[in-house]
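A short worksheet on the structure shown next.
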Amino acid sequence: QSLSNVSENKLAHEKIEEVLRNSKPTQKILQTADTVMQKLGRKEQLIVILKKYVKEQPDDLEIKLLLAMREIEVGIDVEIGMSALWDLAKNDSKTGLKAIEYLNSQKVTGKKEQMDLIELLQKHPLADEEHRISALRRLADLNPGSKKDIIDKAIKDHLNSKREDLVPLVRWMSMEGENEKVVSLLKEEMVLDYLPLLQNYLNALTLLKRYEDMERIVNDPRARLTTAERSFHRVHLAFVTNKKWDEVNSLLVDALAAAQSEAKPDIILNIAKYAEERNHPLTAEQAYHAASTIRRTEREGFEGLLRLTYLNGNSKSFLETAKESARRWPDKELFLERYLYACLLSGLDMETAIARSQKLLNDRPNDTQRKLIMALAYCRQLDPKTASRYLQKIDLSDLSMGQGAVLCGIMQIAGYTNQASKIAGQIPEKALMLPEEARFLMLVKKQKDS
């Protein structure tokens, strides 16, 4: 287990195999084996081990549940796994409740099965409000015409509930857009110092455009909001009340600084997305960069950083981000595409970039982005005629303005002046693009002016 905890999975696997050979397996060993073998992708071998143990120890419900889940996930003996889950779900123990939760995460389609699951969620002795509200949601999905009545009855049944027990219901009401009912059910005094309900309450006020109420709560020192959360709400208040762009941007910068100070990765990412969607690209780039340095949000951070460095025309950062993202996630082809495009635009790593571009195109020969990358590769090899062949039957709607500039520049170099000029005419004068892309567009404009 210690080896597993420090990610020495291969060594841990060898140790587990040794233990299984030389002694009788225990529940703890099998749970550790599950963790390690899942990470190593040895799921079928794991199922064989679990089956053998369950046959010898039929009363071990935890491992029975583990076997059923793995059979379903791997696609081996799915029906047997589902049957085992339903049997385990009838058990009043904690394992029985886990089986119910797993069934609830699956796509259960038959009406009888749905009703059985609803009953299990409602009546298991260890079920809590999360389970009971899950049952009501399933019941409402089965009877869409009665959804309003089901929600109203749930509200009536919870009028005197503790606020902790209201969280699942309020979350469901918010998802269904029942904002008036959320505000009616929750009183301001009961949510001020209880964040799980406070956030839903503030969201409901926002959607109802009750901005004065929202502002009063956000500025109330009793409201259990951190500086970062309070700052982010102030950003949104400024935006929805039509404050000037500069004021909103300044508040975004303050919120980002607070989120970084508090080490709140989710808020940092939300600030990045918020800024990107509302035309604050430089602040969005800063926020995505911050998110990319935190393990929990690093991948989304890099994805956003690729978009924003490109949108902001920041060639150096775009290349650096593309290179690092391709290194960290070599199996994600989007990162590799961006890196190859950045390399070919900048004239870096040419030999490697050309070979890898060809491999990408071979995998998806009709992909517009990959055709352009390949054409750019041949253009860099001073072979514009071959480059132009990759631009045939290309879908311009799949390209950014900057990529369109590269396309018409390659066509100009290849001697297709009229077509190049026609495409260049579709690109607005102040279209955002990388400086390297703009140079391709200038080739066409210079020819046109001469």
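The values are calculated or read from the model by the stated rules, or taken from the named source; none is laboratory data. What you see is a predicted model; the values in this text were computed from it and never measured. Here Cβ is always computed from backbone atoms with ideal geometry, including for glycine, and neighbour counts include all displayed protein chains. Side chains are part of the model used for accessible areas, which takes the heavy atoms of the whole protein and leaves out ligands, DNA and RNA. Shrake-Rupley method; radii C 1.70, N 1.55, O 1.52, S 1.80 Å.
Within region 139-168, the set of residues being in a helix (DSSP H, G or I) and over 20 Å from Q114 (Cβ atoms) comprises D152, I155, K156, D157, R163, E164, D165, L166, V167.
Identify, please: which residue in region 15-41 is of a type outside the set (G, A, S) and not in a helix (DSSP H, G or I) and is, among those, modelled with the highest pLDDT? Filtering region 15-41 for residues that are of a type outside the set (G, A, S) and not in a helix (DSSP H, G or I), the one modelled with the highest pLDDT comes out as T26. All of (1) open to solvent by 50 Å² or more (accessible area, probe 1.4 Å); (2) within 17 Å of the chain's Cα centre (by Cα) hold for E320 with one exception: (2). For beta carbons closer than 7 Å, sequence separation of 6+ or different chains, a first residue in region 333-354 that is of a type outside the set (S, T, N, Q) and a second that is surrounded by 23 or more Cβ atoms within 10 Å (Cβ to Cβ) and outside any helix (DSSP H, G or I), the qualifying pairs are L345/L434. Count of region 404-435 residues, restricted to those that are in a loop (DSSP other than H, G, I, E, B), free of Cβ contacts under 8 Å to residues at least 40 places away in the same chain, among the aliphatic types (A, V, I, L, M) and touching a Gly at 6+ places or on another chain (Cβ under 9 Å), is 2. The residue that is nearest to L85 (Cα to Cα), among those in region 115-134 that are open to solvent by less than 80 Å² (accessible area, probe 1.4 Å) and either at pLDDT below 95 or not in a helix (DSSP H, G or I) (or both), is H124. Listed by first and then second residue, the pairs with beta-carbon distance under 8 Å, at least 6 apart or on different chains, first residue in region 253-267 and closer than 11 Å to A290 by Cβ, second aromatic (F, W, Y) and surrounded by 20 or more Cβ atoms within 10 Å (Cβ to Cβ), are A259/F232; I267/F232. Determine which member of the set S161, S174 is modelled with pLDDT of 95 or more and hydroxyl-bearing (S, T, Y). Criteria check complete, one pass: S174.
Which of the residues belonging to region 278-301 are assigned to a helix (DSSP H, G or I) and surrounded by fewer than 16 Cβ atoms within 10 Å (Cβ to Cβ)?
Listed by number, the residues that qualify are L282, R295, R296.
The test for being open to solvent by less than 20 Å² (accessible area, probe 1.4 Å), touching a residue at least 12 places away in the same chain (Cβ under 8 Å), assigned to a helix (DSSP H, G or I) and not acidic (D, E) holds for R370. Looking at (1) under 30 Å from L269 (Cα atoms); (2) surrounded by 17 or more Cβ atoms within 10 Å (Cβ to Cβ); (3) over 24 Å from the mean Cα position of the chain (by Cα), which is the one condition that is false for L305? Condition not satisfied by L305: (3). Selection within region 387-403: residues that are part of a helix (DSSP H, G or I) and either open to solvent by 20 Å² or more (accessible area, probe 1.4 Å) or of a type outside the set (S, T, Y) (or both). The member of this set that is farthest from L308 (Cα to Cα) is R389. Just the residues that are more than 19 Å from L202 (Cα to Cα) and open to solvent by less than 50 Å² (accessible area, probe 1.4 Å), please, taken from region 156-177. Within region 156-177, H158, S161 qualify.
If you filter region 263-277 down to residues that are exposed (fewer than 15 other Cβ atoms within 10 Å of the Cβ) and of a type in the set (D, E, K, R), you find that the one that is farthest from E229 (Cα to Cα) is E277.
Is region 376-386 home to any residue that is within 21 Å of Y339 (Cβ to Cβ), more than 28 Å from the chain's Cα centre (by Cα) and of a type in the set (G, A, S)? Even if it seems obvious, please write down each step before you answer.
Of all residues in region 376-386, those within 21 Å of Y339 (Cβ to Cβ) come to 376-381.
With more than 28 Å from the chain's Cα centre (by Cα) added as a condition, the list becomes 376-381.
From what is left, the residues that are of a type in the set (G, A, S) are 377.
Yes, region 376-386 contains at least one residue that is within 21 Å of Y339 (Cβ to Cβ), more than 28 Å from the chain's Cα centre (by Cα) and of a type in the set (G, A, S).
Please verify whether region 348-366 includes one or more residues that are farther than 24 Å from I394 by Cα, part of a helix (DSSP H, G or I) and not basic (K, R). Scanning region 348-366, I find at least one residue that is farther than 24 Å from I394 by Cα, part of a helix (DSSP H, G or I) and not basic (K, R), so the answer is yes.
Residue check: is L251 at pLDDT 95 or above, open to solvent by less than 30 Å² (accessible area, probe 1.4 Å) and hydrophobic (A, V, I, L, M, F, W, C)? Working first, answer last.
On the way: at pLDDT 95 or above: yes; open to solvent by less than 30 Å² (accessible area, probe 1.4 Å): no; hydrophobic (A, V, I, L, M, F, W, C): yes.
Spelling it out, it is not the case that L251 is at pLDDT 95 or above, open to solvent by less than 30 Å² (accessible area, probe 1.4 Å) and hydrophobic (A, V, I, L, M, F, W, C).
Please list, ordered by first then second residue, the pairs with beta carbon atoms under 6 Å, 6 or more apart or interchain, first in region 221-233 and under 8 Å from A258 (Cβ atoms), second open to solvent by 20 Å² or more (accessible area, probe 1.4 Å) and among the charged types (D, E, K, R). Pairs found: T226/E262; A228/E262; A228/K264; S231/D254.
Is one or more of the residues making up region 265-276 of a type in the set (V, I, T), out of contact with any Cys (no Cβ under 7 Å at 6 or more places or on another chain) and under 30 Å from D165 (Cβ atoms)? Looking for residues that are of a type in the set (V, I, T), out of contact with any Cys (no Cβ under 7 Å at 6 or more places or on another chain) and under 30 Å from D165 (Cβ atoms), one finds at least one in region 265-276, hence yes. Within region 180-201, being under 26 Å from the mean Cα position of the chain (by Cα) and surrounded by fewer than 20 Cβ atoms within 10 Å (Cβ to Cβ) holds for L195, P196, Q199. Inspection of region 79-101 finds a residue satisfying the criterion of being under 28 Å from the mean Cα position of the chain (by Cα), among the charged types (D, E, K, R) and either part of a helix (DSSP H, G or I) or farther than 20 Å from E44 by Cβ (or both).
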